[in-house]
1. Sticking with the crude label model, points 7 Å out along Cα→Cβ, report the distance from Tyr160 to Arg110 in nm, one decimal please.
2. Quantify, in whole percent, the carbon and sulfur part of the accessible surface of the chain (1.4 Å probe; protein heavy atoms only).
3. I'd like the antiparallel share, as a percent to the nearest 5, of DSSP beta bridges with both residues in segment 136-259.
4. Over the residues of the chain, compute the C-alpha Rg and express it relative to 2.2 N^0.38 Å.
5. Before I look further, what does segment 83-214 give for accessible area per residue, probe 1.4 Å, in whole square angstrom?
6. Between Asp67 and Lys250, what is the spin-label point distance in nm, taking each point 7 Å from the Cα along the Cα→C-beta axis?
7. Order the peptides 111-121, 144-154 from the highest to the lowest mean number of other Cβ atoms within 10 Å of their residues.
8. Can you give me the distance in nm between label points at His54 and Met41, each placed 7 Å from the Cα along the Cα-to-Cβ direction?
Amino acid sequence: MVITFYKYQGTGNDFVMIDNRKLTFPAQDEALVKHLCDRRMGVGADGLILLQDHPDYDFEMVYYNADGRVGSMCGNGARCTVRFARQLGVIEDVACFLAADGEHQASVERDLIQLKMNDVKVVERIGEDCYLNTGSPHYVRFVEDVENLDVYEEGRTIRYNERFREVGTNANFVQRLADDKIFVRTYERGVEDETLSCGTGVTAAALVAGGLKDMQSPVKVKVPGGELQVAFERSGDGSFKYIYLIGPAKLVFTGSITV
């Protein structure tokens, strides 16, 4: 079987994108998805995304982790899917689409994609750290020197601790760089390693920065793969709404692979 694919990246978080509007991709084949994401034997990516038709939306985004399993919401992947949909002519400059955590809206503004995230109603305190769901579960810890932190080891310790071992969580390590800027590094479940960027993780880190560190919206975010912004509105009860993840999404290359 020959599979045509498109490789996209959003601040270094990269994805194999497949136009599956005709439903020809064997989506239940975990081994195939894992193979395509393999950086030595396949195309290489942090995840695989199918763009599919949906009767009530512009399109549906179906996301798979690099381990071959169906994943939860992926912010960088969603921005890449919006760019992909525009390339295919499915949308023009605005989109309303379905993802793992429900409906999302997005707009294309030159090089940037503005993605509306779902409201966050609860931010759990765990000592000095926080745990919240921004479409995917995220643990957030502020540190003094994130650049020299061993994210792989520290992230695995959190991801595989007694509470999170079975379902897993992403682990984000955050350093405040300025009054309006943070630096975030993320260990991602499913990839089981650090990635250059994690959109839902950046969103979680920015909300914690706004809620606990009194940083104002929009929060600028540095990640190893580039720059993002997160805009939000904080409510008096500690919840967040009107959350937007803003950043680039770029086509890297197209190709075909025989499997």
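1. Here the modelled spin labels are 4.6 nm apart.
2. Answer for the chain: carbon and sulfur cover 44 percent of the accessible area.
3. 70
4. 0.96
5. With the other protein chains kept in place, segment 83-214 gives 47 Å² per residue.
6. About 3.1 nm, to one decimal.
7. Per-residue Cβ counts within 10 Å, averaged per peptide and sorted highest first, yield 111-121, 144-154.
8. Placing both labels 7 Å beyond Cα along the Cβ direction yields 3.3 nm.
The values are calculated or read from the model by the stated rules, or taken from the named source; none is laboratory data. Computed from a prediction, not measured in an experiment: that's the story for all the values here. In this analysis, Cβ positions are derived from the backbone assuming ideal geometry, glycine residues included, and neighbour counts consider all displayed protein chains. Accessible surface is based on the protein model in full, side chains and every heavy atom, while ligands, DNA and RNA are left aside. Shrake-Rupley method; radii C 1.70, N 1.55, O 1.52, S 1.80 Å.
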